[in-house]
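Shown next, in structure tokens, is the structure this report addresses.
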Amino acid sequence: MKVTSAKFLTSALRPGQYPKDGRPEFAFAGRSNVGKSTLLNNLLNKKGMAKTSSTPGKTQTINFFDINGRIYFVDLPGYGYAKVPKSVKANWGRVMTAYLSERDPLRLVVQLLDARHKPTDNDLDMLELLDHAEVPTLIAATKIDKVKRSQRNRNLATIRQTLELDADALVLPVSGVTGEGVRQLWAVIDDLLD
């Protein structure tokens, strides 16, 4: 899909605030500071569309972006080590669980994992939630530009092994900085729209 228009639509914390037109939604999940917003900006070829921050926990709501008046990208709150009160974290968990398990237009969740590190217990919990909600999920290994070429295969194998994935399961290396993997990610999204 060629992006001809992309705009922020709304932030939501309750289902009544979600778009009601039934357009396909593609959500992006991952721990705090995994690179969700940077990747979204690269996918949309629009700097600053999704707000980036070096401070974990910047995204605190479910943010919907209208793409070409045809689909929505959904930026989910980061989980993990965000420096926010426990009550806020608990609310994020409830909001995300409800969204992921009850949202009919949701076509795919792109689960972002930092390619430099072994998946965390929080990552495994999120994948378990996605599996329980029966949401199609694509694993994207972010920040691949920060991994030496000689270590990439080893790091991707560690992700596969930790997640107990089949050898042929797609783990897509991506970089929101260099754009690596962006075309392949769009190809997956386009396939789900056909």
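The table for this structure:
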| quantity | calculated |
| --- | --- |
| Qualifying residue in the range 177-185 (condition: free of Cβ contacts under 8 Å to residues at least 40 places away in the same chain, assigned to a helix (DSSP H, G or I) and either out of contact with any helix residue (DSSP H, G or I) (no Cβ under 7 Å at 6 or more places or on another chain) or among the β-branched types (Val, Ile, Thr) (or both)) | yes |
| Some residue of the range 144-151 being hydroxyl-bearing (Ser, Thr, Tyr) and not in a helix (DSSP H, G or I) | no |
| Qualifying residue in the range 88-96 (condition: in contact (Cβ under 8 Å) with a residue 40 or more places away in the chain and among the aromatic types (Phe, Trp, Tyr)) | no |
| Tally of residues being at negative phi and either of a type in the set (Asp, Glu) or loosely packed, with under 11 Cβ neighbours inside 10 Å (or both) across the range 131-148 | 3 |
| Test: residue in the range 149-171 that is within 19 Å of Asp75 (Cα to Cα) and surrounded by fewer than 15 Cβ atoms within 10 Å (Cβ to Cβ) | no |
| Those residues of the range 176-186 which are modelled with pLDDT of 95 or more and surrounded by 11 or more Cβ atoms within 10 Å (Cβ to Cβ), in sequence order | Glu180, Gly181, Val182, Gln184, Leu185, Trp186 |
| Exclusive hit being out of contact with any Asp or Glu (no Cβ under 9 Å at 6 or more places or on another chain), closer than 13 Å to Leu172 by Cα and assigned to a helix (DSSP H, G or I), set Asn155, Asn122 | Asn155 |
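The values are calculated or read from the model by the stated rules, or taken from the named source; none is laboratory data. Quick caveat, the model's predicted, so the values are computed rather than measured. Here the Cβ is made from the backbone with ideal geometry for all residues, glycine too, and neighbour counts use every protein chain on show.
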